[in-house]
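Where a number appears in this text, it was derived from the coordinates with a stated rule and is not lab data. This one's a predicted model, so the numbers in the text were calculated from it and none came from an experiment. Cβ coordinates were reconstructed from backbone atoms using ideal geometry, including for glycine residues, and neighbour counts include every protein chain displayed.
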Amino acid sequence: MGFSGLMKNLQGLPGQSLAVAWGVDEGVLKACSAAVEQGLLREVCVTGPPAEIQALAAKAEVDLGPFSIVPAANPVEGAALAVSLAKKGRCSVLMKGNLSTSIILRAVLNKEHGIRAQALLSHIAVVELPGPRLALLTDAAMNIRPELPDKVQILNNAIDFAWSIGLENPKVAVLAAVETVNPQMPETLDAAALSQMGRRGQFVKPAIVDGPLAFDNAFSKEAALQKKIESTVAGEADIFLVPEIVSGNILYKAFSYLGYLPTSGLIYGASCPIVLVSRADSMESKLNGIAVACQALRE
Ligand code: COD
């Protein structure tokens, strides 16, 4: 099932309420409006400068009827206000608008006013692979250089999220540059440890974890067979765990810009899902993110 199948599954269910942090962005307004039309959302609250948001909505021919605007003077204030709506339970989904990722993440992590729920929050990118089928890539946008204990939590978040969107018993490929353990490549040691933890059932929910795997073997069964790698994950990975943010971010953007694959993303581990896509991403990508967040809330 791809994004459109997921959207179909959500038809007829009660719509969610969404708050956008600094929604001064045509694509975000259009995506929210489309989500309202499709019944995914019942209300949208946008923080930012009202006149600018109204002008953008008029230009994009977005009906602001189901929208409310909470005035904010700058992105930092816009992020804080949107997070406070989530904290008060006034919205069930949060979304990044036209502001930098670190601004919204700092508001979410704020010790006093933030909305952390799990010990570690992480980014999960959702990619529609040929099939179509949805696969997850983590962490391409939040945790910069995770150590092994952080990777365990990043993987727990992704496994938990996978189950919540219907990817049961997910197959996890722990990516590295090679498929053999090399003491000079620390990410291969982490991958071996995570694989063994998977075999011992040490993750939050059942999952089949294998690594290290280079991307070709993780993505293509033929490539794995060619290299004589026996792996039940090869060619069938539901989750790609990357060693750090740089390789993850490059892979995420390559899926989208080189592979032309539909993508989206969110932050997991806060008190509500946070749709977090790049400002340059398409309106469809933003709408896909809303749909994925709604699906995660459904379970
Ligand atoms: N989960 C839970 N708590 C966290 C996390 C996390 N992932 N990261 C930090 N914290 C906690 C720390 O334990 C500490 O208590 C507090 O938050 C502050 O931690 P710092 O000093 O590391 O926080 P910041 O504000 O300097 O950085 C946090 C960010 C998430 C903003 C930072 O890690 C970051 O910039 N990440 C990359 C975001 C980005 O630019 N992505 C762009 C790709 S699209």
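Does SER4 meet the test of being of a type in the set (Ser, Thr, Tyr), buried (at least 23 other Cβ atoms within 10 Å of the Cβ) and in a helix (DSSP H, G or I)? No.
Screening SER92, SER100 for residues that are within 23 Å of ALA280 (Cα to Cα) and touching a residue at least 24 places away in the same chain (Cβ under 8 Å) leaves exactly one candidate, SER100.
Screening the candidates SER285, SER231, SER278 for the property of being within 30 Å of GLN38 (Cα to Cα), polar (S, T, N, Q) and in contact with a strand residue (DSSP E or B) (Cβ under 7 Å, 6 or more places away or on another chain) yields one hit, SER285. Looking at LEU266 and the list (1) in contact with a Ser or Thr (Cβ under 9 Å, 6 or more places away or on another chain); (2) assigned to a strand (DSSP E or B), which single condition is not satisfied? Result: LEU266 passes all but (1). Can you work out which of the residues in region 141-161 that are more than 9 Å from the ligand (Cβ to nearest atom) and either within 13 Å of the chain's Cα centre (by Cα) or aliphatic (A, V, I, L, M) (or both) is surrounded by the fewest Cβ atoms within 10 Å (Cβ to Cβ)? Taking the candidates together, the pick is LEU148. Within region 117-140, restricting attention to residues that are assigned to a loop (DSSP other than H, G, I, E, B) and farther than 14 Å from ASP238 by Cβ, the residue that is farthest from the ligand (Cβ to nearest atom) is PRO130. In region 211-226, is there at least one residue being assigned to a helix (DSSP H, G or I), surrounded by fewer than 16 Cβ atoms within 10 Å (Cβ to Cβ), among the hydrophobic types (A, V, I, L, M, F, W, C) and out of contact with any Cys (no Cβ under 9 Å at 6 or more places or on another chain)? Yes, region 211-226 contains at least one residue that is assigned to a helix (DSSP H, G or I), surrounded by fewer than 16 Cβ atoms within 10 Å (Cβ to Cβ), among the hydrophobic types (A, V, I, L, M, F, W, C) and out of contact with any Cys (no Cβ under 9 Å at 6 or more places or on another chain).
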